[in-house]
Amino acid sequence: SFIFNNDTVFTYNDDVAVQHPLDSGFVGSLNADKLTSFMDKLKDDEVSMNVVDSEVIFKCGKITSGFKLDSNIDHMLSHIKALGSPEKWYKVPEDLLQAIQFCLFSAGTDATRPKLMCLHFKENIVEATDGYRMTVFTMDSPLKKEVLVPANTLKALPQFTVTHYGLTDGWLHFKMDNGAVYSCRVFHLDYPDLSSFLEVEGPSVKVPSSIADVMERAK
C-alpha cells in the first residue's frame, strides 16, 4: 500500500522504506497495485485528489476514478516510526552510486549464505562476492561507518539523485535532493576479508580493447 499521512507518503515492505513529501491532507492507505496501474495510464502531468467519505477521488483531465481509503494504518505507521531518523546526515561520496551499481551483480542469491547476498561498505571500499567471483570498488572518500546491506534492497537506488546518508539502529538511510528518504535494512554479520585475494604477484597484462566483443562471441 501507499500510506498517506497528511504531508508525507510512505511505502514499506520490511526491507525497504521510502518516504516522500506530499501535501495530501488526509491519512490512510491505498492499494499500491491498483493506484500505480491507474497512474500509468494517465497522460496529463497534473492530478487532483479529494477525499469523499471513505474514498479518494482522483481527477486527471476527463478521467475520474475512486479508490477505497483504509484509515486503519496505525500498525504501519508504528513500523515506519521504528525506522528512526538519523541524528546526523553525511554527504555521500560522489561515486557511491557508481560503486553500488558496479558491485551489485557479484552479490549472491543463496539465502543459506545471507552475508554473501550483501554489499559490504567499509571505509572507502564497496565490495561484493557470491563465493565464485568478487567485485571491489574504491571510492574517492570513505563512509563514516562499516555496514552490510542486502543487495536486493539497493537495486533501485542508483536511479535516484542521492545527496546525504545517515544511520539508525538496523537501517541505512539515503536522502534525495527532493526531500525523499530511501531506507534499507542492514545486517549485523561478519563479512569475509577479501583483501588477501587481491594480494597477487605476476606480470601486468594490457587487456585488448576488443576483449568484450571477443568474449561475447565466444560465450
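How large are Rg and Dmax for the chain when calculated on the C-alpha trace, in angstrom?
Cα only, the chain: 21.6, 74 Å (Rg, Dmax).
Enter the mean projected area of the convex hull around the alpha-carbon atoms of the range 113-153, in nm², rounded to one decimal. Before the final figure, lay out the partial values.
Values: hull surface 11.7 nm².
The orientation-averaged projected area of the Cα hull of the range 113-153 comes to 2.9 nm².
Would you calculate the separation in nanometres between label points at residue 189 and residue 206, each defined as 7 Å from the Cα along the Cα-to-beta-carbon direction?
Going from the residue 189 label point to the residue 206 one covers 4.3 nm.
Once phi is turned into ³J(HN,Hα) by the Karplus curve 6.51 cos²θ - 1.76 cosθ + 1.60 with θ = phi - 60°, what whole-Hz value does each residue of the range 142-150 show in order, with x for glycine and proline?
Running phi through 6.51 cos²θ - 1.76 cosθ + 1.60 with θ = phi - 60° gives x, 7, 6, 8, 6, 9, 10, 10, x Hz.
What is the distance in Å between the Cα centres of the range 18-37 and the range 77-155?
28 Å
Which value, in debye to the nearest 20, gives the size of the charge dipole of the chain about its Cα centre, when Lys and Arg are +1 and Asp and Glu are -1 at the Cβ? Working shown, then result.
Details: 21 positive and 30 negative charges, 61 e Å.
Roughly 300 debye for the chain.
Per q in 0.22, 0.26, 0.27, 0.28 1/Å, what log10 I(q)/I(0) does a Debye calculation on the alpha-carbon atoms of the range 53-124 return?
Log10 of I(q)/I(0), two decimals: -1.02, -1.18, -1.20, -1.21.
Find the Cα radius of gyration of the range 71-168, compare it with 2.2 N^0.38 Å by division, and give the number to two decimals. Show your work: numbers first, answer last.
Numbers: Rg = 15.1 Å, N = 98, 2.2 N^0.38 = 12.6 Å.
For the range 71-168, the normalised Cα radius of gyration comes out at 1.20.
In the calculated pair distance distribution of the range 3-68, what percentage of Cα-Cα distances lie above 20 Å?
Values: 597 of 2145 pairs.
Everything past 20 Å amounts to 28 percent.
Extension gain residue 169-residue 47, at 0.36 nm per residue separation less the Cα-Cα distance, in nm?
Values: separation 122, 0.36 × 122 = 43.92 nm, distance 3.73 nm.
That works out to 40.2 nm of additional length.
Once you charge only the Cβ atoms, +1 for Lys and Arg and -1 for Asp and Glu, what is the size of the charge dipole of the range 99-166 about its Cα centre, to the nearest 20 debye? Please report the intermediate quantities before stating the final value.
Values: 7 positive and 6 negative charges, 26 e Å.
The calculation lands at about 120 debye.
Under a 5 Å amide H to amide H cut-off, with H placed in plane at 1.01 Å, what residues pair with residue 171 once short-range neighbours are removed?
Close amide H contacts, sequence-distant or interchain: 186.
From the C-alpha coordinates alone, can you work out the Kirkwood hydrodynamic radius of the range 1-111, in Å? List each step's numbers first, then the result.
On the way: mean 1/r = 0.0597 Å⁻¹.
Evaluated on the range 1-111, it is 16.8 Å.
Packing-wise, with mean Cβ within 10 Å as the measure, how do 213-219, 125-131, 65-71 rank, highest first?
On the way: 213-219: 7.9, 125-131: 20.0, 65-71: 14.9.
So the peptides 213-219, 125-131, 65-71, ranked by packing, come out 125-131, 65-71, 213-219.
I need the fraction of alpha carbon pairs in the range 135-219 separated by more than 14 Å, rounded to a whole percent. Let's see the in-between values first.
Numbers: 2750 of 3570 pairs.
Of all Cα-Cα pairs in the range 135-219, 77 percent lie more than 14 Å apart.
Among 57, 1, 78, whose Cα lies farthest out toward the positive end of the dipole of the range 1-100, if unit charges sit on the beta carbon of Lys, Arg (+1) and Asp, Glu (-1)?
Most positive-ward Cα: 57.
Readers should treat all values here as calculations from the given coordinates under stated rules, not as data from a laboratory. Small disclaimer: the values here were computed from a predicted structure and weren't measured. Ideal geometry is used to build each Cβ from the backbone, glycine not excepted, and the neighbour counts take in all protein chains shown.
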